[in-house]
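Each reported figure results from applying straightforward, stated rules to the coordinates on display, with no laboratory input. All values derive from a computational prediction rather than experimental measurement. Cβ placement follows ideal geometry from the backbone for every residue including glycine, while neighbour counts extend to all protein chains displayed.
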Ligand SMILES: [Zn+2]
Ligand SMILES: [Zn+2]
């Protein structure tokens, strides 16, 4: 562990590094929960689709890409309003559910659409040919619309991506007491904190703001329905308390992550 001497950093800069780390620890505390829930969703979709269509359990399809599955035009994906669609590259990749083998992937998009809080999954991020075997490609449908296509795992995905899955996939409400339908909920506020810290014009955070950040992130990790009993969330909470009260100690690996996230 390399220790950053707090005397060498201005107080506000040290606060900024702490805020970045707080967001990172919170993200790491939520990752196993998010991965597990999305994997359960992926497996249930595949099971339900086979059952509902009279297919043998375990029937898979890996031949449809998202372009095949998204109608042209689709709002926010095909920019037909401003001219030609630049998403659907050619006729072969146009939406054609009748031609899809067993309609597996077409039904998969319906399931994703149905559980998306705003009914606008981010298909630009995802490789649909991997949906049957890679739950992280399914997870990407619930992230912000752009910027996640090359993120292969939860570890590579930033806080905004992870928390957006919780906010956009309606099933998470089953394990969260906070009302996620309410626009001012603590998960939305945590997402704002992550974005504010990352996009701040100067790498500085005031004492009072930092205090608020720690308070909210700890409160989020204490949501009583599930997270309060989850080991990973609770470990993250302990790390937040140590970070808030102790000197700024940061490993090179963590510093790299912080710098990588702040550049994205
Ligand atoms: Zn398919
Ligand atoms: Zn199109």
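A few remarks follow.
- Expressed as a whole percent, the proportion of Cα-Cα pairs in the range 102-149 lying more than 15 Å apart is 38%.
- Using distinct alpha-carbon pairs, which all enter the 1/r mean, Kirkwood radius of the range 6-263 in Å: 19.8
- Of 85, 61, the sequence from fewest to most neighbouring Cβ atoms within 10 angstrom is 85, 61.
- For the range 161-264, convex hull volume per residue from C-alpha positions, Å³: 119
- Residues 199, 88, arranged from fewest to most other Cβ atoms within 10 angstrom of their Cβ, appear as 199, 88.
- For the range 143-204, the square roots a ≥ b ≥ c of the C-alpha gyration tensor eigenvalues yield an a/c of 1.5 or more together with a/b not exceeding b/c, which makes the shape oblate.
- Sequence of 193, 77 once ranked by neighbouring C-beta atoms within 10 Å, starting from the fewest: 77, 193
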